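The values are calculated or read from the model by the stated rules, or taken from the named source; none is laboratory data. All figures in this text were calculated on a predicted structure; none of them were measured in a lab. Note that we place each Cβ from the backbone using ideal geometry, even for glycine, and neighbour counts take in every protein chain shown. Accessible surface is based on the protein model in full, side chains and every heavy atom, while ligands, DNA and RNA are left aside. Shrake-Rupley method; radii C 1.70, N 1.55, O 1.52, S 1.80 Å.
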Amino acid sequence: MEATQLALRSSRGFTWRRWSRLSGLLTVLLVLSFLPGKAFAAESLPDLTVSALRIRSTDQYGVYQVEIRVTNRGRAPSGATSVRLMLRSARDGAETIVASEPVTALQPRESIRIETTVQPSDPASRPYLVAVVDPDNAIAERRETNNRRSARLPKPRGTPPSDGSMPSGGQLQLGLRVSPLDPAVNGCADITAGVHRDSTGVPNVRVLYGTASEDQEPAEWLVLGTTNSYGYVPPQRICGDGSSRVIRLFTCADTNANGRCDTNEPRAQPAWIYFGLRQELRRSTQAQLVGQPVEVTYCAWLGGSPLPNLPVIFLVSLERKGSQVTDSEGCARFSFQRDTVPTGWWRTVSVAACADLNRNGECDRGSGSSDEPWRETEVAWGTIDEIYLSSWPGPVFSYLRTGESRVITVEVLLVPGGSGTVWGGVAGQQVIAAWSGANNGYQVGETDWEGKVTFQYQGTNPGEDEIILCLDRNRNGLCEATEQRLEYFRSSWITGASVEAVGIAVDGDPATPWTTGACSTEGPLSLRVRAEGGPSVPLVVQVQDGTARVALDCSGVVKARRYWVGNYGTTLRVFVQEGGPGDTFQVQLWLDRNDNGLAEDNELLVVEQTITLTE
């Protein structure tokens, strides 16, 4: 396809000096006229919030299971932080910190689910549980007022026997809860055990525990504790030894108090504890069109090595949708799609992966069990009419030397109904970039999981290029009139630049003496600066002292100035503050790519030349 087929408009009649003066205004007007509402005006900051807080009274009276969901609703990744749990008195509002849980770094629209337990000293008073993410405001966010969420503790399920006796009735049962099941190699897991009969806590029962590798039985039984009046053993800890390993934790109720686990004594289901387990859940796109699939990939590592043959259960909107087993790379993949957009204004759907550590075919969470490791993310859904092409932050006008490459990144975003709310980037969308002028060509690219696609081309000829980008919705390789496009990108190419010193301070003629520090209009030294082979470009002229001290102003303060320089060049005065024949100074010409008037290391040094003073 020829680039001329894209009906590129000529920029003739405009000088780049004029473009530079109008570029800021033109860019704003073009972007605002194209984008729906205020779709992309939001700051690129994270926005952490406690999006869900669920509390459940467990079988162990006075102990509550807490489930917290933290979501990054901003447009930028967040750093790692924590969520602080506090109990707030229903009587006087006093708050007491009871726990703090880590929160990993989150991508935009990504969520993490955290589970823990709390035990208030007076559960009958039903205090409030308050969850605060980023409690110390260490992360700069788009909103700092939505980091807190609270809920009142439910009424305990029952009361312990007043006389402390064991109630008669059904079979004695032992429950075990370990949190987390995936501590760090030097981390610890909290062990909670409880004994009950017919949902009533049984006090004064000694609970034993033992550990073993894989399917072996414990070689030694230790005392975990004795149940209190609620039938609950206060939490104990088992900690790692610095190595990645898997252990099985066994518990039993020592009802005959003989210090060992007999075959007829109640046992809880063993718990698998993975010290040093690392997990990751990736999605193929941040947002997707209805009717198109999304793939999520769960990966697990133990001690830096992939963890194969691990059953993984996948859930969509907390509903089980499938299961897979990790492969030799420790990864399991799952695809799903929606045929309609979610109801209501909230467009995201949660998708989670649960590691079935005990291999019982279920994702054990809640109901008094040990919560198996869980990773969760979100995918937004929309229609093809709700996606928009947007330029990624970067220069609209770019100034380069021939042989370099122009790089342009754009993104395709889901913005439902022109609401101004960006729900994420859409992967797999075809975008065309075409350029014409001094250089001609085109490329076709496809957006990645963030909805971004990058184009790069090398300029071989000096001059000006106009660049058009379009969203090729029908994927026919053409930019058609009905398809969205961005038309305001420009590239200016030069082959180089030159600088020449002129004046009596460098003419080598003893008959034309000069003095330092002269501030007259006609000075002894000037520089002629010229851009070669192309249009006018912004050059920063910088002088650096050598054995001579020089400046671009009479006071000796200004060392650099920015000029628009073309083939015809420009002349500027240099003031020699100190020095004489034989002394030197340096002149540097920088291509001011970011348009800030400064000579910076990330910009292109076009010329560096030493000037020697003469008679």
Query raised in the report: Debye sum, Cα scatterers, the stretch 200-344, no solvent: what log₁₀ I/I(0) at q = 0.11, 0.19 1/Å?
Result: -0.65, -1.08
Report task. Note down the magnitude of the dipole of the chain about its Cα centre, charges +1 on Lys and Arg C-beta and -1 on Asp and Glu C-beta and zero elsewhere, to the nearest 20 debye. Result -> 1700 debye
Report task. May I ask you to list the aspartates and glutamates whose Cα is less than 14 Å away from that of Lys559, ignoring any residue fewer than eight positions away on the same chain? Result -> Asp545, Glu600
Query raised in the report: Which percent of Cα pairs goes in each bin when the distances of the stretch 351-418 are cut into 10 angstrom slices starting at zero?
Result: 15, 22, 17, 19, 17, 8, 2
Query raised in the report: Using θ = phi - 60° and the Karplus curve 6.51 cos²θ - 1.76 cosθ + 1.60, what whole-Hz ³J(HN,Hα) does each residue of the stretch 393-406 get, with Gly and Pro shown as x?
Result: x, x, x, 6, 9, 10, 10, 9, 9, 3, x, 7, 10, 8
Query raised in the report: Just the projected area, averaged over all directions, of the convex hull on the alpha carbon atoms of the stretch 57-117: how many nm²?
Result: 5.2 nm²
Query raised in the report: Computed over the Cα atoms of the stretch 326-475, what is the convex hull's projected area averaged over all directions, in nm²?
Result: 13.8 nm²
Query - Net charge dipole size for the stretch 405-519 [Lys, Arg +1 and Asp, Glu -1 on Cβ; Debye, nearest 20] - result: 340 debye
Requested in this report: Let me know the volume per residue of the alpha-carbon convex hull for the stretch 193-238, in Å³.
Outcome: 87 Å³
Report task. Please list the equivalent ellipsoid semi-axes of the stretch 412-498, computed as the square roots of five times the alpha-carbon gyration tensor eigenvalues, in descending order and whole angstrom. Result -> 29, 14, 12
Report task. Please grab the % of Cα pairs in the chain that end up more than 35 Å from each other. Result -> 58 percent
Query - Spatial separation of Cα centroids for the stretch 388-451 and the stretch 238-263, in angstrom - result: 58 Å
Query raised in the report: What number, rounded to the nearest 500 deg cm²/dmol, is the helix-based mean residue ellipticity at 222 nm of the chain, given -39500 (n - 2.57) per DSSP H run of at least four residues and division by all its residues?
Result: -1000 deg cm²/dmol
Query raised in the report: Where does the stretch 488-551 land on Rg(C-alpha)/(2.2 N^0.38 Å)?
Result: 1.51
Requested in this report: Kindly express, to the nearest 10 degrees and within the range 0 to 90, the angle between helix 16-34's C-alpha long axis and the longest C-alpha principal axis of the chain.
Outcome: 30 degrees
Requested in this report: At 1.4 Å probe size, with every protein chain present, just tell me what the per residue accessible area of the chain comes to in Å².
Outcome: 45 Å²
Report summary line: With label points set 7 Å from each Cα along the Cα-to-Cβ direction at Thr482 and Gln443, the distance between them in nm comes to 2.9 nm
Query raised in the report: Two-decimal Rg/Rh of the stretch 96-147 from alpha-carbon positions, Kirkwood Rh?
Result: 1.02
Query raised in the report: Using the per-residue mean of other Cβ atoms lying within 10 Å as a proxy for protection, in what order, highest first, do the peptides 243-250, 593-600 fall?
Result: 243-250, 593-600
Query raised in the report: Restricting attention to the alpha-carbon atoms of the stretch 191-276, what are Rg (one decimal) and Dmax (integer), both in Å?
Result: 13.3, 41
**Report entry** Accessible area of the chain belonging to carbon and sulfur atoms, whole % at 1.4 Å probe
**Finding:** 47 percent
Query - Rounded D (µm²/s) - the stretch 511-615, Kirkwood Rh over Cα pairs, Stokes-Einstein at 37 °C, 0.692 mPa s - result: 230 µm²/s
